[in-house]
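Trainee: One structure is given below, represented as structure tokens, and several questions about it will come after.
The values are calculated or read from the model by the stated rules, or taken from the named source; none is laboratory data. This one's a predicted model, so the numbers in the text were calculated from it and none came from an experiment. All Cβ positions, glycine included, derive from the backbone under ideal geometry; neighbour counts span all protein chains shown. Protein only, heavy atoms only, side chains kept; ligands, DNA and RNA dropped before computing areas. Shrake-Rupley method; radii C 1.70, N 1.55, O 1.52, S 1.80 Å.
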Amino acid sequence: METIETPKRAMLVIPHPDDGESGCGGTVSKWVREGCEVLYVVCTNGDKGSSDLDMTSDRLAHIRAIEQKKAAEILGIQELVMLGYGDGELEDTSIFRGQIVEQIRRFRPDTLLAMDPRRMAHSHRDHRISGQTALDAAFPFARDVLHYPQHLLAGYETHKVASVLLWGSESPNVVVDISDTVDIKMNALAAHE
């Protein structure tokens, strides 16, 4: 297994509220403690994940947003962007990809983290689509000037992400020791009631 150095800036592309905490919350917390600036980009609003017959999608999305903000605060996340797609409604479109590219160009991360889109066991459509879209956004779209030229007009220059890490992989090859931050990860995860 390979170990990696803490990046200066890291961006996570997260399919649903709570996926960032359950997937790599310990790593993020460790990196924040070591001076890394972190951007969370949460793709969906989690408005369908309930078996409560009295729950509505609007109320659930509101609850999930509050929980996600609290979890991000516990981890020390500096910035949270919520794209607001409906749960189960992610599609690999030019618009969605452009939103991820825009955040990469604006935030300029050294490292991008996303869910492994190839994981088939216990995966979810939004997990696969967010992971694949994040990979495509990082390379080549965020790097190449002719993709999404409107970002240049907004002042966001192209950016080449130095490394991409996928969580939830069935064949991991990178390890981060979170023994000092696993409690923080669990507290952040517990914010999602």
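Trainee: Can you give the accessible area per residue of the range 1-88, in Å², using a 1.4 Å probe?
Mentor: Accessible area per residue: 46 Å².
Trainee: Can you give me the accessible area per residue for the range 140-193, using a 1.4 Å probe, in Å²?
Mentor: 64
Trainee: Additional query: Which number gives the lysine pairs in the chain that have C-alpha atoms under 30 Å apart and are eight or more places apart or on different chains?
Mentor: The result is 16.
Trainee: Here's a follow-up. In percent, what relative contact order does the chain have, based on Cα pairs under 8 Å that are 6 or more apart in sequence?
Mentor: 32
Trainee: May I pose another question? Simple spin-label model, 7 Å along Cα-to-Cβ: Arg118 to Arg143 in nm?
Mentor: 1.8
Trainee: Return the distance in nm (one decimal) between the two label points of a simple spin-label model at Asn187 and Glu91, each offset 7 Å from Cα along Cα→Cβ.
Mentor: Placing both labels 7 Å beyond Cα along the Cβ direction yields 4.2 nm.
Trainee: Work out, in µm²/s and without decimals, the Stokes-Einstein translational diffusion coefficient of the chain at 25 °C, 0.890 mPa s, Rh from Kirkwood over C-alpha pairs.
Mentor: The calculation lands on 146 µm²/s.
Trainee: Still on this model: Which percent of the accessible area of the chain is formed by carbon and sulfur heavy atoms (probe 1.4 angstrom)?
Mentor: 51
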